[in-house]
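Structure first, then comments.
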Amino acid sequence: MGYRINVTEYQPTNGRDKGMLHSPELCVGCRTCQLICSLSHDGECSPSLARIDLRAEGLRFEAEFTEECDECARCAFFCPYGAIKEGD
Ligand code: SF4
Ligand code: SF4
């Protein structure tokens with residue numbers, strides 16, 4: 001079964017200023033978050049352009065949101081594993 005991304009499915013509201021939260025215990029390192037971030041902001045699927053960095057720590061993946069993250073929350077919407085949420 002495939003996973004299809006339709007970027008028009010989600011209309012972001014920027015400037016929420018709540019912060020984004022990543023849960024390593026749910027993350028499988030699929031990089032969908034990076035692909036949707038770079039595709040929506042830069043027009044190409046490239047993890048190196050994404051505003052979320054992922055790094056493997058043993059069997060876990062830790063994420064950090066960069067200064068350029070505008071908290072559009074697309075990555076949270078499209079993460080297939082519910083590993084990203086907006087802050088409260
Ligand atoms: S946060 Fe979600 S979309 Fe990003 S690598 Fe982890 S599981 Fe995949
Ligand atoms: S919330 Fe930040 S990391 Fe996530 S898609 Fe938007 S800009 Fe990219």
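None of the figures in this text is laboratory data; all of them are computed from the coordinates on show. Just so you know, these numbers come straight off a predicted model, no measurement behind them. Because the Cβ atoms are built from the backbone with ideal geometry, glycine has one as well, and the counts that use them run over all protein chains shown.
Close amide H contacts of G29 (hydrogens built in the peptide plane, cut-off under 5 Å, sequence separation of 5 or more or a different chain): none are found.
Remark: T8, T32 ranked as T8, T32, counting other beta-carbon atoms within 10 Å and listing the fewest first. Longest segment of the chain with no trypsin sites (Lys or Arg not before Pro) in a DSSP loop having at most 12 other Cβ atoms within 10 Å? Within the chain, the longest run free of exposed trypsin sites (Lys or Arg not before Pro) spans 19-88. For the chain, the mean residue ellipticity at 222 nm estimated from helices alone is -5000 deg cm²/dmol, where every DSSP H run of n ≥ 4 contributes -39500 (n - 2.57) and the total is divided by all residues, rounded to the nearest 500. Whats the longest run of the chain with zero GluC sites (Glu not before Pro) that are DSSP loop and have at most 15 other Cβ atoms within 10 Å? Counting at most 15 other Cβ atoms within 10 Å as exposed, the longest clean stretch of the chain is 1-24. Using a ≥ b ≥ c from the Cα gyration tensor of segment 11-88 (square roots of the eigenvalues), is it rounded, prolate or oblate, where a/c under 1.5 gives rounded and otherwise the larger of a/b and b/c decides, a/b for prolate? In terms of gyration-tensor shape, oblate.
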